[in-house]
Each structure stands twice: as structure tokens, then as C-alpha cells.
Amino acid sequence: MIAARPDNVPEDRVVDIDIYMPPGLVEHGFHKAWSDLSAHNPAVVWTPRNEGHWIALGGEALQEVQSDSERFSSRVIVLPKSIGEQHGLIPTTIDPPQHRPYRQLLNAHLNPATIRGLSENIRATAIELIEGFAARGHCNFTAEFAEQFPIRVFMALVDIDASEAPKIRHWAECMTRPGMDMTFEQGKAAFFEYLAPLVDARRAHPGDDMLSGMLNADIGGRTLTRDEALSLSTQVLVAGLDTVVNVLGFIMCELAVNAGLRADLRARGADTLPVVNELFRRFGLVSIAREVRHDTGFYGVHLKAGDMIAIPTQVHGLDPAVNPDPLVIDPARKRARHSTFGSGAHMCPGQELARKEVAITLEEWLKRIPDFAIGAQSDLSPVPGIVGALRRVELVWPT
């Protein structure tokens, strides 16, 4: 997957960066590694890794790539390009305006009013999990909370039994992480095979769940075709079973070592939104890509039609030129800018749900476990892949 430098790439823009295992990741951790790369390199660079592609390392450049669908297409969003061309899920690989009807289906089921209506069920799930281990004085946070809470919430939203989550999440990881026991194509095929009878049943006998609502909705005088239904349903499950799981691990590790932040949150009670917004800025974690539509000049380099450009979304919030002292968590930070939820036409439709899940976790956890630390059994080594992750977060506290 090591590519030769193309003629349109200046020698001084070549860097040796594997976006799934960037330099400094092991030594400094996921977010400092990306912040350092942003601080010490030009806004746009080129790497021979993963078949050769550009990387937006400047926050402003990254946001521009995400937002400008006239120059940067979502046709391929996964690197290397040969793998990304197998992706084809909707609506993430469709450009405006064609993507709009599919996006409206997602928005209708993940809008703020809908999420507010789910709040009590989300809170009850968090309380049940936390109280299951609070008296014990320790937990494997990754396995006992992060991999349970958002997945249980999401599985209820789509009305799939929570016992199905482990295998579904495994397929999702095969599509987002290198070195798994299934290829990207095999993981996608497993989703389609699993969802085919479910899609058929929900089209014939719809329920009140999110999938039924999308599969039977009117989009321009028709409903989704079966292929569209399988593609959209797969995308919903892949997106719903990974990102919040992993951001919770990073957030709780930070709280475990940051007594001042814990005290600030406890004093706020239910008024956690400013902190939640700052935590999402600080802990972005998804590295995707765009395809260059036509030859264009961009931040001092010449991009050619068909070139790929990576957009590690965490870079925007961690670029010191965008947010001063970006590794510092400051709940009073004004006008913090980031792309943790993306920007432009493909901004994450699940962002309200993600914010609600994190806010409720912080509120309910700190009521019951006000002070805690990272346990000796933790394995905070990085997990390579499209979504940044920590392997195992163990937490301990006095009882």
C-alpha cells in the first residue's frame, strides 16, 4: 500500500503518516499525537501510506474539505481508496442534493425533540448500569458501561434485541479497523445477510421503531428500494454502535485524572452542556476521507481529480491555530470550533443523541461515584482504525 510520489506532490509536502496509526500515537496518546501533527506540519500534506493520499492537518483546511461538496466528493470516504470504493452505504457516500431525501429520513428520527422524548429511558439505562457496580469500588468501564450503555439505548431505538449487539458491533469493527478477522467486504456482506429478513419483515409489518419508520417513509412519492433499505440500515447500525462507546472511554479517563473537572461537573448538577460541548471538541476521533472532484489549488498544493484527501476530524478541534491550548479542557472556552460531528451536508445526524448520552452519563455517574481513578488493570494502548479507541479502561474508587 506504499505509493510512489505523484508529479503533482511537492517533495516538501511528503510525510510518513499512517492515519490509522499516526506518529506519536503510542508514546503520547491519540489526541496529543494528532494535535502535534497539526501544529508542526503544513495545512495539507501527502503520505505514501494507504495507497497514497493527501491529509488535511490544518483545522480550517479540514473543515473546508468537509463542507465543500462541489470540490470534494463523498463518493469514497474510507482509505485506502480500493477499500473505500466497496463502501457505498447511503447517505454517507452520496453528495448533495441527491443525498437529501435519505438524510431527511435520519433527521426525522434523531432530531432534538425526539431525543428529548427518549431522555428518561436513557437515564434509566445509565442508572441501572452504574448502580450495578457502584458498591463494588471498581469496574471495567469499557466492558461494563461504555460497551453497554449507548448500545442498549441504540438497540432499543431500532428495536433489535440487545443480545444481538456483540456480533453486530464486531461486523462494524471489521468495517472500521484494520487487521480484523473479516475483510471490509465480508463485514458489509454479513450486515446485509443479517438485515435482509429484518428489512423484509419491517416493510411488511412496520412497528414504532426507527428502522420501520425509515423503511416505510415516503421519499418523493416512493419508499426505499430493498437495496437502499439494506444500505441505509447498515449505515445506521455501523454509526450507532461505535463512536459513543469510544468517546466515553476517553472522557472518563480524563475525568479520572482531572479532579478539578470532576468538581466543576458536580457543582453544575444537570447544567453540563458547556462541559459536554468542550469534551466533544477535545475528544474527536473519526478519520474519514473525501475524493477530489476536479483539479484545484488548495492551501499551496495542486490537487488532481480522483486524488483522495483524509480528514481526521479530531484535527479541527485540536489545531492550536483554531483553539488556543487545544489539549486543555476549558468549560468557559468561547466559540470553540471543531468537527467532531462533521460539518456541511454530512454533519452527524446522531449528534443530539450522543450529547444526551454523555451528559446523562456524567450526571448520574458523579452522583454515585464522585471521585475515581484509573485502575491498574487498564490497557490504554491505542486501537488502530477509523475510530480512535482505548483498549480497556478500568476505574477504581473508594467505597
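The values are calculated or read from the model by the stated rules, or taken from the named source; none is laboratory data. It should be emphasised that the depicted structure is a prediction, and the values quoted were computed from it without experimental measurement. A quick note on method: Cβ atoms are made from the backbone with ideal geometry, for glycine too, and the neighbour counts reach across all protein chains shown. Just the protein is used for accessible areas: all its heavy atoms, side chains included, with ligands, DNA and RNA removed. Shrake-Rupley method; radii C 1.70, N 1.55, O 1.52, S 1.80 Å.
The figures follow:
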{"read-out": "Under the Karplus curve 6.51 cos²θ - 1.76 cosθ + 1.60, θ = phi - 60°, whole-Hz ³J(HN,Hα) for segment 319-330, x wherever Gly or Pro sits", "value": "6, x, 6, 9, 10, x, 6, x, 7, 7, 8, 10"}
{"read-out": "Within the chain, helix-based [θ] at 222 nm, where runs of 4 or more DSSP H residues each add -39,500 (n - 2.57), nearest 500", "value": "-14000 deg cm²/dmol"}
{"read-out": "Label-point separation in nm, Arg222 to Asp68, each point 7 Å along Cα→Cβ", "value": "3.4"}
{"read-out": "Two-decimal ratio, segment 48-188, of alpha-carbon radius of gyration to 2.2 N^0.38 Å", "value": "1.32"}
{"read-out": "Proportion of all alpha-carbon pairs of segment 1-96 beyond 15 Å (%)", "value": "66"}
{"read-out": "Heavy-atom surface of the chain, accessible at 1.4 Å and reported per residue (Å²)", "value": "41"}
{"read-out": "Cα principal axis extents for segment 242-399, largest first, Å", "value": "62, 34, 28"}
{"read-out": "Calculated from backbone phi, Karplus (6.51, -1.76, 1.60) coupling profile of segment 343-360 in Hz, x at Gly/Pro", "value": "7, x, 5, 9, 3, 4, x, x, 5, 5, 5, 4, 4, 5, 5, 5, 4, 5"}
{"read-out": "Accessible carbon and sulfur surface of the chain relative to its total accessible area, %, 1.4 Å", "value": "51"}
{"read-out": "Using θ = phi - 60° and Karplus 6.51 cos²θ - 1.76 cosθ + 1.60, couplings along segment 103-117 (whole Hz; Gly, Pro as x)", "value": "5, 4, 4, 5, 4, 5, 9, 10, 6, x, 5, 5, 5, 4, x"}
{"read-out": "Ala189/Lys167 FRET efficiency (R0 22 Å; Cβ-Cβ; nearest 0.05)", "value": "0.95"}
{"read-out": "Segment Glu60-Asp181, length gained on full extension (0.36 nm per residue, minus Cα span)", "value": "39.9 nm"}
{"read-out": "Dipole in debye (nearest 20) - segment 246-325, about Cα centre, beta carbon charges: Lys, Arg +1; Asp, Glu -1", "value": "160"}
{"read-out": "Calculated over segment 1-42: convex hull of Cα atoms, volume per residue (Å³)", "value": "81"}
{"read-out": "Estimated FRET transfer efficiency when R0 is 22 angstrom, pair Gln98-His294 (beta carbons, to 0.05)", "value": "0.75"}
{"read-out": "Too-long pairs where the Cα-Cα distance tops 22 Å, listed order kept, from Lys81/Lys188; Lys167/Lys188; Lys188/Lys304", "value": "Lys188/Lys304"}
{"read-out": "Alpha-carbon Rg with Dmax, taken over segment 326-399, Å", "value": "15.8, 48"}
{"read-out": "Proximal aspartates and glutamates to Lys367, defined as alpha-carbon separation beneath 17 angstrom and excluding residues fewer than eight positions away on the same chain", "value": "Glu120, Glu128, Glu131, Asp264, Asp271, Glu357"}
{"read-out": "Cα→Cβ-extended label distance, 7 Å offset, between Asn121 and Gln86, nm", "value": "3.5"}
{"read-out": "For segment 205-329, projected area of the alpha-carbon convex hull averaged over all directions, nm²", "value": "12.7"}
